[in-house]
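Following: one structure in structure tokens, then a few remarks.
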Amino acid sequence: MPSTRNIHDRRLADAWATLKSHSDAGLPLDPDASRLAFADPEFLLRRETRGIRFQLELLKPDLEQQAHGIENTIVVFGSARFRSQEDANALVTAAEASADEAVIRRARALARNAHYYEKARAFGKLVAHYSEDKQPSDKLFVATGGGPGIMEAANRGSYEADGVSVGLAIALPMEEAANPYVTPALSFKFHYFALRKMHFMMRAKALVAFPGGFGTLDELFEVITLVQTRKARQVPIVLFGTEYWKRLVNFEVLVEEGVISPDDLALFQYADDPETAWEIIKTFYRL
């Protein structure tokens, strides 16, 4: 009788199925010394096993992206709060009906900045269209933080151009699920900011930073620092929205005070439309 077994099968003990069965039966997940260590969430979530969790958060997205041919990404950062023009206009209409001045002010700010959402969306389309007829090793993929706002817009543009895009989401109380435009097989969630930022840089061939808040600033300055200190290879860093960035950060003051070199100002460039941002990247790599 011929064997149905494959010599390449990599089978592990059915520990996870046992644990699921335990959970499905409504039994509490109490500490259990007899449970296999790799299938014991109570054990894996201890403070002492944090290093193992670091390794897992590094390894899982890396292996999955390798399996899907994701080697070169264009990372897009920006505010999670910005909305599409259509959604922002609807918010203004609803706010004005409420007659609440604070609500109206916030809604109008979102409407004023909705053009950034639409430009990030257009940029995502440019990247996807470029890659559609390229060899796998030459393709570029949009990668975002997987959340709403500018992240959603860039993923959405790629999706609307039939492209594949990556989402590296962070588990936060206010953001439970990734935006719906991330390619499902490439939608990852992280607990550790440090591991998430490492994954952004591992495959990044460029960074495009749209206007944003603390999170955007954190990610932007980490990348600039890594490139400045040569801990990461030089990549195009595009500050999208010249007026916003120059009003927010006076980089010239850093030069005047001697805390950075004048040459450091060449680490990034400004752009105000998707085509210019894309041209900066194409010029850098002679695409």
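The values are calculated or read from the model by the stated rules, or taken from the named source; none is laboratory data. Predicted model, so just to flag it, every value in this text is computed and none were measured. With ideal geometry, Cβ positions are generated from the backbone for all residues, glycine too; neighbour counts draw on all protein chains shown. Accessible surface areas use protein heavy atoms only, side chains included; no ligands, DNA or RNA. Shrake-Rupley method; radii C 1.70, N 1.55, O 1.52, S 1.80 Å.
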Determine whether region 64-78 contains at least one residue that is surrounded by 15 or more Cβ atoms within 10 Å (Cβ to Cβ), within 23 Å of the chain's Cα centre (by Cα) and either small (Gly, Ala, Ser) or farther than 30 Å from residue 287 by Cα (or both).
yes
Checking the conditions here, which among 169, 178, 185, 194 is of a type outside the set (Lys, Arg) and open to solvent by less than 30 Å² (accessible area, probe 1.4 Å)?
169
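Go through region 234-287 and give me each residue that's of a type in the set (A, V, I, L, M) and touching a strand residue (DSSP E or B) at 6+ places or on another chain (Cβ under 7 Å). Even if it seems obvious, please write down each step before you answer.
Initially, region 234-287 is screened for residues of a type in the set (A, V, I, L, M), giving 235, 237-239, 248-249, 253-255, 259-260, 265-267, 271, 277, 280-281, 287.
Selection gives 235, 237, 238, 239, 267, 271, 277, 280, 281.
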In region 110-145, what residues are crowded, with 22+ Cβ neighbours inside 10 Å, in a helix (DSSP H, G or I), aromatic (Phe, Trp, Tyr) and touching a Lys or Arg at 6+ places or on another chain (Cβ under 9 Å)?
117
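Do the conditions hold for residue 36, that is, is it hydrophobic (A, V, I, L, M, F, W, C), surrounded by 15 or more Cβ atoms within 10 Å (Cβ to Cβ) and under 28 Å from residue 213 (Cβ atoms)? Lay out the reasoning, then the answer.
Values: hydrophobic (A, V, I, L, M, F, W, C): yes; surrounded by 15 or more Cβ atoms within 10 Å (Cβ to Cβ): yes; under 28 Å from residue 213 (Cβ atoms): no.
Here the answer is no, as residue 36 does not meet what is asked.
Among the residues of region 39-63 satisfying the criterion of being assigned to a helix (DSSP H, G or I) and of a type in the set (Asp, Glu), which is surrounded by the fewest Cβ atoms within 10 Å (Cβ to Cβ)? Explain how you work it out, then say what you get.
Of region 39-63, the ones assigned to a helix (DSSP H, G or I) are 39, 41-44, 47-63.
With the extra rule that they be of a type in the set (Asp, Glu), the set shrinks to 42, 48, 57, 62.
Details: 42: 11, 48: 7, 57: 20, 62: 16.
Once the filter is applied, the top-ranked residue is 48.
Could you tell me how many of the residues in region 177-214 are closer than 23 Å to residue 139 by Cα and in a strand (DSSP E or B)?
Quick first cut of region 177-214, residues closer than 23 Å to residue 139 by Cα only: 179-188, 196-210.
Applying the additional criterion that residues be in a strand (DSSP E or B) yields 187-188, 204-209.
Qualifying residue count, region 177-214: 8.
Can you tell me which residue in region 229-255 is nearest to residue 217 (Cα to Cα), limited to those that are open to solvent by 20 Å² or more (accessible area, probe 1.4 Å) and assigned to a loop (DSSP other than H, G, I, E, B)? Spell out how you get there, then give the answer.
Pass one, region 229-255, residues open to solvent by 20 Å² or more (accessible area, probe 1.4 Å): 229-234, 242-244, 246-250, 252-255.
Applying the additional criterion that residues be assigned to a loop (DSSP other than H, G, I, E, B) yields 229-234, 249-250.
Details: 229: 18, 230: 20, 231: 19, 232: 18, 233: 20, 234: 19, 249: 10, 250: 14 Å.
Looking at the filtered set, the residue picked out is 249.
Sort through 87, 162 and tell me the only one that's part of a loop (DSSP other than H, G, I, E, B) and free of Cβ contacts under 8 Å to residues at least 60 places away in the same chain.
Values: 87 fails: part of a loop (DSSP other than H, G, I, E, B).
None of the others qualify; the one that does is 162.
So, residue 81, is that one among the basic types (Lys, Arg) and surrounded by 14 or more Cβ atoms within 10 Å (Cβ to Cβ) or not? Talk me through it step by step, then tell me what you get.
Values: among the basic types (Lys, Arg): yes; surrounded by 14 or more Cβ atoms within 10 Å (Cβ to Cβ): yes.
Criteria met by residue 81.
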Quick one: residue 280 ticks every box in (1) open to solvent by less than 70 Å² (accessible area, probe 1.4 Å); (2) touching a helix residue (DSSP H, G or I) at 6+ places or on another chain (Cβ under 8 Å) except a single one, so which number is it?
(2)
For region 224-249, pairs from a residue that is in contact (Cβ under 8 Å) with a residue 12 or more places away in the chain and farther than 28 Å from residue 115 by Cβ to a residue that is open to solvent by less than 50 Å² (accessible area, probe 1.4 Å) and charged (D, E, K, R), with Cβ under 7 Å and 6 or more apart or across chains, are 228/264
Only residues that are over 15 Å from the mean Cα position of the chain (by Cα) and either of a type outside the set (Val, Ile, Thr) or part of a loop (DSSP other than H, G, I, E, B) (or both): list them for region 215-228, please.
221, 226, 228
